[in-house]
Amino acid sequence: MKKLQAPRGTLDVLPPDARRRLELYDVSAEVLGRAGYEPMEAPVFEDTELFARGVGESTDIVQKEMFTFEDKAGRSLTLRPEATAGICRAYIEHGMHKLPQPVKVWEAGPFFRHEAPQAGRFRQFTQIDAEALGSDDPTLDAELILLFDEILERAGTGPRRRRLSSLGTRETRADYVEELKRFLRSRESELSEEVRARIDQNPLRAFDADDSGTQAVMKDAPLLIDRLAPEDAEHFAEVRALLGSAGLEYEVDATLVRGLDYYTRTVFEFESERLGAQAALGGGGRYDGLIEELGGPPTPGVGFAAGVERILLAAGAAERDPGIDVFVAGTGRDAFVLVGQLRSSGLRAQMEQAGRSLKGQLKQADRLGARWTVILGDEIEVKDMDTGAQQRAESVDDVLGMVRG
Ligand code: AMP
């Protein structure tokens, strides 16, 4: 018989790692909730066209990485590779522009990209995603960057590089891309073959090249950040001033390229100093044209996506389970009723459920880190697992009184 295994690039999240994820979601809910971000959930698959239009036809994601399939009616559907496009689709579909703006939402869930799996890179991965729609106020850009940083801090990811830039408007970017193409062509003979081949398709990628010849050329390249229109430069200056007033350390990196087409103005990416090749913990930015592009009214937006697997990888090993309150060494209905009462009174209680001997049950109580063990025999004995002291209980109420202590 064929040996069944998890599909390539997927991950089984086992205990205790799965518990750490829940803790990360709890932290996110608290940090984002205090700033007015409400949880929402969009579907895991969407019309393929949403991503083609939203993420951008020329991006690696759309060209190479989407899990696309046809449903039985012949519709082309795609497992979502990112969150923003789906949230914007929902904003339009539910007329959320009529709500008081900005609309602040967040969600956590699985995303899918057909990438070559390696440490920190999966085909199904998890993101925490937060978005503020309906306002271009620079305090939202700064707020999201600070909230993202706070989540990483609370998750224990350790030191991180915070890179920030501004891409201006689509028009500024289009003009700049033409200027960059002209520049690259003028120095074509010094560039790597790979960069040369992609001058027309994706000239911005030249800034990321590993090849030393290309890197030398790029030192003289024009920078988008020097070409921003006055209102975009002002917006960026205000975001920076706000981050400064909050005391956040960051670097302005004019070569910051994000893998999605929709960004305008602010972009950012945080990298762990603890992780190797796949070090990006998350990133985001502003996408003031996206909702209109998807058929909605002109609506600005800004958001971030944080990679859950990488955050937990950077945060290191899980802490040990703190242990249960009570182990009931006993079987059958009496034990069953007793654990029920203990749980109802808010305690973490377990009973024997695998047919162990009394000795085995006491060992199991130890393994579970039980604070108390209740031994059900002819008599009821309550053992304090810290001191080893054992006391007789006359009734269930007596037991509850002792262990609630
Ligand atoms: P992106 O919007 O593509 O920058 O993705 C945001 C974050 O999601 C990244 O910084 C990573 O932390 C995480 N991420 C993206 N793709 C993957 C993947 N294939 N496997 C694991 N994490 C990923």
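Details
- Comparing Thr264, Thr331, Thr139 in a Gaussian network model of the chain where C-alpha atoms under 10 Å apart are linked, the largest mean-square fluctuation is found at Thr331.
- Each Cα pair under 8 Å and six or more residues apart adds its sequence gap; the mean of these over the residue count of segment 203-312 is a relative contact order of 17 percent.
- Using just its DSSP H runs of length 4 or more, each adding -39500 (n - 2.57), the chain gives a mean residue ellipticity at 222 nm of -10500 deg cm²/dmol after division by all residues.
- Lys383 accessible area, 1.4 Å probe, all protein chains in place, Å² to nearest 10: 50 Å²
- Within the listed set Arg34, Arg89, Arg163, the residue fluctuating most in the Gaussian network model of the chain (springs between alpha-carbon atoms under 10 angstrom) is Arg34.
- Excluding same-chain neighbours fewer than eight residues apart, the lysines reachable from Lys383 by a Cα-Cα span under 19 Å are Lys359, Lys363.
- Across Ser28, Ser357, Ser212, mean-square fluctuation computed from a Gaussian network of the chain (C-alpha pairs under 10 Å connected) peaks at Ser357.
- Solvent exposure of segment 167-213 as accessible area per residue, Å², 1.4 Å probe: 59 Å²
- Taking a ≥ b ≥ c as the square roots of the Cα gyration tensor eigenvalues, segment 229-302 comes out oblate, since a/c reaches at least 1.5 and a/b does not exceed b/c.
- Carbon plus sulfur fraction of accessible area for the chain, probe 1.4 Å, in percent: 48 percent
- In terms of accessible area, using a 1.4 Å probe and ignoring ligands and nucleic acids, His94, His114 rank largest first as His94, His114.
The values are calculated or read from the model by the stated rules, or taken from the named source; none is laboratory data. Every value quoted in this text rests on a predicted model; they were computed, and no experiment measured them. Remember, those area values only see protein heavy atoms, side chains included, never the ligands or the DNA or RNA. Shrake-Rupley method; radii C 1.70, N 1.55, O 1.52, S 1.80 Å.
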